[in-house]
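Take a look at the structure set out below.
The values are calculated or read from the model by the stated rules, or taken from the named source; none is laboratory data. All values reported here derive from a predicted model rather than from experimental measurement. Here Cβ is always computed from backbone atoms with ideal geometry, including for glycine, and neighbour counts include all displayed protein chains.
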Amino acid sequence: MDNRNEKMAVLPVKKLMLSMGIPMIISMVLQAVYNIVDSAFVSNMAEEGEEALNALTLAFPLQVLMIAVGIGTGVGANVLIAKSLGQNKSETANKTAGNAIFLEIVICIIFMIFGIFGVKTYINSQTDNNVISEMGIDYLRICCLVSFGMSLFAIFEKMLQASGHSICSTIAQILGVITNIILDPVLIYGLFGFPEMKVKGAAYATVIGQIVSFITALIFHLKFNKSIRIKMCHLKPNISIISRIYRIGFPAIISQALISVMTYGMNLILKDVSENMVTAYGLYYKIQQFLLFAAFGMRDAITPITAFSYGMKNKQRIKDCVKFGQLFTAVIMIAGFIILELSAVPFSRIFGLSGETQTLCVSAIHIISAGLVFAGINIAFQGIFQAMGSGIGSLIVSVCRQLLFIFPFAFVFAHIAKSNYTYNRLLWIVFPIAEILTAVVAVIIYKRNFSEEKLKFSE
């Protein structure tokens, strides 16, 4: 048994989950930084700041989809590479890494094509405001056409993690975020002799930051990652390897992609009530994303630890995984809830909001945040179900919290709000309702299939 497996087998679950979870949480939270930083700077432009913020809100679902596909592909490759290295099958690891790079290049090309031909239709489906439409198209088109930094970083990040160099991937990600933060005001406002590029400047700052992360990760890979050596022949697509990558990565893609579907659908529903509600919701969701991505990071630690314990057929360690996984995720969400409740007004002011939009954003923070603890329960259960071989259970939780229990209530409450605008805050109640109902479903699935007395092990 190698050192890593020995730790997975004997280290107390509580300590193991913290040691694995904290780096993953940091990595995931950094993924949320790009869009929120762009939003903060464009919303404070001297002119049309609120329209610019709305434009980035409309672009957000597609950006989430891009991240979902890139990271999901990387997750699948990560598992296969780590497994191959553990079996001393270096050539298989090299082929997997090469095929993953090939897939990320294909993903880039697809989003480039969408950037040329699909962005205008996509943005215009969510707004009738020409100013917002033009800004949204400009921003999203640049993000799509120069998406290679984000996509290729996703795979090199996972390769570094698979070979035990997670600190290198974190450094690369931090450098990209810092680059974005520095360039945003320079390019948006036109500082230090640069032209004032407004929303386009935010997009360029984002893609340049992503390219910095990719190049840094590539340098780290070439310098330190002796376990994986990729040649041109390894990029030749192999159907068997690709299918195995997506067999593992597809649930992660679906889970993340449903965020995109939900936010896009809510933008359409809210647009019919008030454009200010679209802006307020989009901003809240970007703020909340830090907490959700932190929970996703904790989930990504819960999953391998629970899976290892399940493979050991150790019921006590599985019980500890469920207990501490739920506990740590709940702590993250409770802390986030308190921070959001106390800082609702200051957060809204950071983004230059005023009047009705600020009022709506503050009410969204107060109301939607009430469901965060239940959101944490659901996200933790997703990881637990995946670890014990129930991809269907994990998918049911995702569909319930992001589609099934969202849109029916949203349609009804939107109809009420259109008839009487004073009831617009009903739409924020949709989210806590969905999380609570989903938590009930998740607990039922767990009790019926994975509680200690019903737990069965597959061979």
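For the range 86-142: of the residues being modelled with pLDDT of 95 or more and of a type in the set (Lys, Arg), which is nearest to the chain's Cα centre (by Cα)?
Per the stated criteria, the residue is ARG141.
State whether one or more residues within the range 398-410 are among the small types (Gly, Ala, Ser), over 21 Å from GLN289 (Cα atoms) and buried (at least 18 other Cβ atoms within 10 Å of the Cβ).
no
Assess whether GLY193 counts as being in contact with a Gly (Cβ under 8 Å, 6 or more places away or on another chain), of a type outside the set (Ser, Thr, Tyr) and assigned by TED's automatic domain parsing to the domain that holds ALA52.
Considered against the rule, which asks whether it is in contact with a Gly (Cβ under 8 Å, 6 or more places away or on another chain), of a type outside the set (Ser, Thr, Tyr) and assigned by TED's automatic domain parsing to the domain that holds ALA52, GLY193 comes out as no.
Is it the case, given these coordinates, that THR73 is of a type in the set (Ser, Thr, Tyr) and either closer than 27 Å to VAL331 by Cα or touching a Ser or Thr at 6+ places or on another chain (Cβ under 6 Å) (or both)?
Working: of a type in the set (Ser, Thr, Tyr): yes; either closer than 27 Å to VAL331 by Cα or touching a Ser or Thr at 6+ places or on another chain (Cβ under 6 Å) (or both): no.
No: the conditions fail for THR73.
Within the range 339-362, is there a residue that is more than 22 Å from the chain's Cα centre (by Cα) and of a type in the set (Lys, Arg)?
Yes, because at least one residue in the range 339-362 is more than 22 Å from the chain's Cα centre (by Cα) and of a type in the set (Lys, Arg).
What tally of residues in the range 186-202 results from selecting those that are part of a helix (DSSP H, G or I) and of a type in the set (Phe, Trp, Tyr)?
The number of residues fulfilling the criteria is 1.
Given (1) in a helix (DSSP H, G or I); (2) in the same structural domain as ILE107 (by TED's automatic domain parsing), where does ILE230 come up short, assuming only one miss?
The number of the failed condition is (1).
Scan the range 114-124 for residues that are assigned to a helix (DSSP H, G or I) and closer than 13 Å to MET66 by Cβ and jot them down.
The answer is PHE114, GLY115, VAL119, TYR122.
Sort out which residues of the range 8-50 are closer than 20 Å to VAL186 by Cα and more than 20 Å from the chain's Cα centre (by Cα), and write them in order of number.
Answer for the range 8-50, where residues must be closer than 20 Å to VAL186 by Cα and more than 20 Å from the chain's Cα centre (by Cα): PHE41, VAL42, SER43, ASN44, MET45, ALA46, GLU47, GLU48, GLY49, GLU50.
For the subset of the range 285-315 comprising residues that are part of a helix (DSSP H, G or I) and polar (S, T, N, Q), which member is farthest from VAL37 (Cα to Cα)?
SER309
Whether any residue in the range 67-87 is free of Cβ contacts under 8 Å to residues at least 60 places away in the same chain and assigned to a loop (DSSP other than H, G, I, E, B) is what I want to check.
yes
How do the pairs read when you match residues in the range 170-185 that are in a helix (DSSP H, G or I) with residues anywhere that are charged (D, E, K, R) and buried (at least 16 other Cβ atoms within 10 Å of the Cβ), using Cβ under 8 Å and keeping only pairs 6 or more apart or on different chains?
From the range 170-185, the pairs are ALA172/GLU157; GLN173/GLU157; ASN180/ASP38; ASP184/ASP38.
Can you list residue pairs whose Cβ atoms sit under 6 Å apart, with the first residue in the range 331-352 being closer than 15 Å to LEU291 by Cα and the second being polar (S, T, N, Q)? Count only pairs 6 or more apart in sequence or on different chains.
PHE337/SER369; LEU340/SER369
All but one of (1) of a type in the set (S, T, N, Q); (2) surrounded by 21 or more Cβ atoms within 10 Å (Cβ to Cβ); (3) more than 13 Å from PHE381 (Cβ to Cβ) hold for THR306; which doesn't?
Only one criterion is unmet by THR306, namely (3).
Within the range 253-263, can one find any residue that is assigned to a helix (DSSP H, G or I), within 20 Å of PHE450 (Cβ to Cβ) and not assigned by TED's automatic domain parsing to the domain that holds ALA330?
For the range 253-263, residues assigned to a helix (DSSP H, G or I), within 20 Å of PHE450 (Cβ to Cβ) and not assigned by TED's automatic domain parsing to the domain that holds ALA330: present.
Tell me the residue from GLY265, GLY249 that is modelled with pLDDT under 85 and either farther than 16 Å from THR92 by Cα or in contact with a Leu (Cβ under 8 Å, 6 or more places away or on another chain) (or both), please.
Values: GLY265 fails: modelled with pLDDT under 85.
One residue alone meets the criteria, GLY249.
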